[in-house]
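Novice: Sharing a structure here in structure tokens format.
The values are calculated or read from the model by the stated rules, or taken from the named source; none is laboratory data. Computed from a predicted structure; not experimentally measured. Virtual Cβ from ideal backbone geometry, glycine too; neighbours counted across all protein chains shown.
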Amino acid sequence: MKYNIPYGKQTITKEDIDAVSEAMTAPLITTGPKAKEFEQEICNYTGSSYCIAVSNGTAALHLASLALLKKGDLVLTTPNTFLATSNAIIYAGAKPLFVDICEDGNIDLDLCEQELQKNPNIKAIYGVSFSGNMLNQQKLKDLREKYGVIILEDNAHSIGAFQNVIKAGSCKNSDCSIFSFHPVKNMTTGEGGAITTNSKALYEKILSLRNHGMIKTPDMAPWEYEMRDLGFNYRITDFQSALGLSQLKKLDSFLEKRRNIAKYYHDSFKGTAIKPLYAYDEGSAYHLFVVRVSYHDKRELYERLLSKGVGVQLHYMPINKQPYYKSLGYGDEKLPVMDSYYHEALSLPIYPTLKKEEQEYVIRTLLEIVSE
Ligand SMILES: *Cc1c(COP(=O)(O)O)cnc(C)c1O
């Protein structure tokens, strides 16, 4: 039997296709009633007061940054994320400062606190709940109370995650949170994203920025609108929202499968050279299953796995070392945990339709290669 197992993929069923087909024949196919309903359901699911659905996760980060930051603001963020997190800070004319990570792959919030003590001009922290593992909520709460710092949670990996009774996207201890619905994430709308917040002012600002900064007030004539800010077209379509609604209904069953797969990896790697990034956590949304492996040549390991049909990935290359960031003067930060993480991390296949025999093949193949 020849395998060809990707590290992640979407789960689309007939109900999803039917939901999209139905939305396609409605009178409005772009941002209309389905988008509103999708936003309402995300509020219900996460427990946030407000939600704005947008065209992708990067657009969500961009709009949130325009609403939260001013030009020149200093923002602490993580090198261990997709480019969009720190790019969004730059889109808003602000300046990212990269902070080292903890062993679990999330930004080190204790180091963030040291930076806040040293530099009172730091305005915000952009943290990522990496792999589906939420940022430490107690620590976020403390930092907000003590330093009045703005917190954005990039929950692109984490819809459905929880920590004690706090759900990802509820913004209990942050100003806003973003999701991505790219096909590789825990649920999809093709391309898509969302921002959640409990601030009405932030909600209204982001809502207008999604649509060119245009607003209508009740006393205006029906054909009039006013542009108060320089906004964008980051709208989501109604047929994408219909897909999102259909996927959201199945999200908990997707998560259960992801958690079972994660648990099985944990059990299978016990006592071996393969070290899962953190102890099994039923609150993690397990968008990624990252292990640490020490192997003499990472590229060789990657290629050998790929040649045997085991798709792996590396999340992530340190952003501060990207050529663009180097051209801005980044790259020489001392981030020792990130460096050793980057050396050893590997993301293994995890998605709801991964079969048990496929997972066993992944485990067997990886153990064989590293024990040679
Ligand atoms: C996927 C992702 C994004 C960007 O989302 P898109 O929908 O692809 O624009 C941002 N941050 C993180 C951590 C992501 O994984």
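Novice: Going through segment 163-214 one residue at a time, which ones are surrounded by 24 or more Cβ atoms within 10 Å (Cβ to Cβ), of a type in the set (F, W, Y) and closer than 22 Å to V149 by Cα?
Specialist: Selection gives F179 alone.
Novice: Regarding segment 196-204, can at least one residue be identified that is in contact with a Cys (Cβ under 7 Å, 6 or more places away or on another chain), among the hydrophobic types (A, V, I, L, M, F, W, C), touching a residue at least 60 places away in the same chain (Cβ under 8 Å) and in a helix (DSSP H, G or I)? Reasoning before the result, please.
Specialist: Narrowing segment 196-204 to residues in contact with a Cys (Cβ under 7 Å, 6 or more places away or on another chain): 196-198, 202.
With the extra rule that they be among the hydrophobic types (A, V, I, L, M, F, W, C), the set shrinks to 202.
If we keep only those that are touching a residue at least 60 places away in the same chain (Cβ under 8 Å) as well, we get 202.
Restricting the remaining residues to those that are in a helix (DSSP H, G or I) gives 202.
Scanning segment 196-204, I find at least one residue that is in contact with a Cys (Cβ under 7 Å, 6 or more places away or on another chain), among the hydrophobic types (A, V, I, L, M, F, W, C), touching a residue at least 60 places away in the same chain (Cβ under 8 Å) and in a helix (DSSP H, G or I), so the answer is yes.
Novice: Moving on to the next point. Can you confirm whether segment 303-321 contains a residue that is more than 25 Å from P183 (Cα to Cα), in contact with a Gly (Cβ under 9 Å, 6 or more places away or on another chain) and in a helix (DSSP H, G or I)? Explain how you work it out, then say what you get.
Specialist: Start the filter on segment 303-321 by keeping residues that are more than 25 Å from P183 (Cα to Cα), which leaves 304, 320-321.
So of that shortlist, the ones also in contact with a Gly (Cβ under 9 Å, 6 or more places away or on another chain) come out as 320-321.
Adding the requirement that they be in a helix (DSSP H, G or I) leaves 320-321.
Among the residues of segment 303-321, at least one is more than 25 Å from P183 (Cα to Cα), in contact with a Gly (Cβ under 9 Å, 6 or more places away or on another chain) and in a helix (DSSP H, G or I), which makes the answer yes.
Novice: Against the definition (among the acidic types (D, E), under 30 Å from I363 (Cβ atoms), at pLDDT 95 or above and out of contact with any strand residue (DSSP E or B) (no Cβ under 8 Å at 6 or more places or on another chain)), how does D104 come out, yes or no? Working first, answer last.
Specialist: Values: among the acidic types (D, E): yes; under 30 Å from I363 (Cβ atoms): yes; at pLDDT 95 or above: yes; out of contact with any strand residue (DSSP E or B) (no Cβ under 8 Å at 6 or more places or on another chain): yes.
Here the answer is yes, as D104 does meet what is asked.
Novice: For residues that are within 24 Å of L143 (Cβ to Cβ) and aromatic (F, W, Y), scanning just segment 155-194, find the one that is farthest from the ligand (Cβ to nearest atom).
Specialist: F162
Novice: Here's another thing I want to ask about it. Would you say Y295 is among the hydroxyl-bearing types (S, T, Y) and either assigned to a helix (DSSP H, G or I) or within 16 Å of the ligand (Cβ to nearest atom) (or both)?
Specialist: Details: among the hydroxyl-bearing types (S, T, Y): yes; either assigned to a helix (DSSP H, G or I) or within 16 Å of the ligand (Cβ to nearest atom) (or both): no.
So Y295 does not fit the description; no.
Novice: Those residues that are surrounded by fewer than 24 Cβ atoms within 10 Å (Cβ to Cβ) and at positive phi, I need them from segment 137-162; list them, please. Let's see the steps before the verdict.
Specialist: Here is the first cut: in segment 137-162, the ones surrounded by fewer than 24 Cβ atoms within 10 Å (Cβ to Cβ) are 137-151, 162.
Listed by number, the list holds a single entry, G148.
To keep it simple, each residue is scored yes or no on (1) within 10 Å of the ligand (Cβ to nearest atom); (2) of a type in the set (A, V, I, L, M); (3) at pLDDT 95 or above; (4) under 23 Å from Q163 (Cα atoms).
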residue: E41; (1), (2), (3), (4): no, no, yes, yes
residue: Y50; (1), (2), (3), (4): no, no, yes, yes
residue: S65; (1), (2), (3), (4): no, no, yes, no
residue: N87; (1), (2), (3), (4): yes, no, yes, no
residue: Y91; (1), (2), (3), (4): no, no, yes, no
residue: P96; (1), (2), (3), (4): no, no, yes, no
residue: Q117; (1), (2), (3), (4): no, no, yes, no
residue: A124; (1), (2), (3), (4): no, yes, yes, yes
residue: G132; (1), (2), (3), (4): no, no, yes, yes
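Novice: While we're looking at this one, here's another question. Checking G57 against (1) more than 14 Å from the ligand (Cβ to nearest atom); (2) closer than 30 Å to L305 by Cβ: exactly one of these is not met. Which one?
Specialist: Result: G57 fails condition (1) only.
Novice: Still on this structure, please answer the following. Are any residues in segment 322-372 assigned to a helix (DSSP H, G or I) and hydroxyl-bearing (S, T, Y), and if so, which ones?
Specialist: Within segment 322-372, the first condition is being assigned to a helix (DSSP H, G or I), and the residues that meet it are 323-327, 336-344, 356-371.
Answer for segment 322-372, where residues must be assigned to a helix (DSSP H, G or I) and hydroxyl-bearing (S, T, Y): Y324, Y325, S327, S340, Y341, Y342, Y361, T365, S371.
Novice: Restricting attention to segment 94-134, which residues are of a type in the set (G, A, S) and under 22 Å from L328 (Cα atoms)?
Specialist: Here is the first cut: in segment 94-134, the ones of a type in the set (G, A, S) are 94, 105, 124, 127, 129, 131-132.
Passing the criteria: A94, A124, G127.
Novice: Which one of the conditions (1) among the basic types (K, R); (2) at pLDDT 95 or above; (3) more than 21 Å from D104 (Cα to Cα) does R292 fail to meet, given that it meets all the rest?
Specialist: Only one criterion is unmet by R292, namely (3).
Novice: Filter segment 75-85 for residues that are hydroxyl-bearing (S, T, Y) and either in a strand (DSSP E or B) or modelled with pLDDT under 95 (or both) and give the result. Before the answer, list the steps.
Specialist: Step one: of segment 75-85, the residues hydroxyl-bearing (S, T, Y) are 77-78, 81, 85.
The one that is hydroxyl-bearing (S, T, Y) and either in a strand (DSSP E or B) or modelled with pLDDT under 95 (or both): T77.
Novice: Go through segment 222-242 residue by residue and tally those that are of a type in the set (A, V, I, L, M) and within 19 Å of the chain's Cα centre (by Cα). Write out each step before concluding.
Specialist: Residues of segment 222-242 that are of a type in the set (A, V, I, L, M), as a first pass: 227, 230, 236, 242.
Subset that is within 19 Å of the chain's Cα centre (by Cα): 236.
Number satisfying all stated conditions: 1.
Novice: Among all residue pairs at least 6 apart or on different chains, which show Cβ distances below 6 Å where the first residue, located in segment 305-331, is under 18 Å from T77 (Cα atoms) and the second is in a helix (DSSP H, G or I) and charged (D, E, K, R)?
Specialist: Pairs found: G331/K321.
Novice: Still on this model: Looking at the structure I just gave you, is Y50 in contact with a helix residue (DSSP H, G or I) (Cβ under 8 Å, 6 or more places away or on another chain), farther than 25 Å from Y286 by Cβ and surrounded by fewer than 18 Cβ atoms within 10 Å (Cβ to Cβ)?
Specialist: Details: in contact with a helix residue (DSSP H, G or I) (Cβ under 8 Å, 6 or more places away or on another chain): yes; farther than 25 Å from Y286 by Cβ: yes; surrounded by fewer than 18 Cβ atoms within 10 Å (Cβ to Cβ): no.
For Y50, the condition - in contact with a helix residue (DSSP H, G or I) (Cβ under 8 Å, 6 or more places away or on another chain), farther than 25 Å from Y286 by Cβ and surrounded by fewer than 18 Cβ atoms within 10 Å (Cβ to Cβ) - is not met.
Novice: With the requirement that a residue be closer than 28 Å to K356 by Cβ, within 16 Å of the ligand (Cβ to nearest atom) and buried (at least 16 other Cβ atoms within 10 Å of the Cβ), what does segment 298-321 give you?
Specialist: Passing the criteria: Q313, H315.
Novice: Follow-up. Got at least one residue in segment 83-91 being touching a strand residue (DSSP E or B) at 6+ places or on another chain (Cβ under 6 Å), over 17 Å from L328 (Cβ atoms) and buried (at least 19 other Cβ atoms within 10 Å of the Cβ)?
Specialist: The first filter runs over segment 83-91 and keeps only residues touching a strand residue (DSSP E or B) at 6+ places or on another chain (Cβ under 6 Å), leaving 85-86, 89.
Still in the running and over 17 Å from L328 (Cβ atoms): none.
No, segment 83-91 has no match at all.
Novice: Now, a different point. On the given criteria, is L152 away from the ligand (no atom under 16 Å from the Cβ) and either of a type outside the set (K, R) or in a helix (DSSP H, G or I) (or both)?
Specialist: Numbers: away from the ligand (no atom under 16 Å from the Cβ): no; either of a type outside the set (K, R) or in a helix (DSSP H, G or I) (or both): yes.
So L152 fails the test.
Novice: Would you kindly identify the helices (runs of 4 or more DSSP H) lying entirely within segment 1-74 that contain at least 1 residues that are touching a strand residue (DSSP E or B) at 6+ places or on another chain (Cβ under 7 Å) and of a type outside the set (A, V, I, L, M)? Talk me through it step by step, then tell me what you get.
Specialist: On the way: elements: 14-24, 33-46, 57-68.
Helices (runs of 4 or more DSSP H) meeting the threshold: 33-46, 57-68.
Novice: Can you report the number of residues in segment 2-36 which are without any contact (Cβ under 8 Å) to a residue 24 or more places away in the chain and surrounded by fewer than 12 Cβ atoms within 10 Å (Cβ to Cβ)?
Specialist: So the answer is 4.
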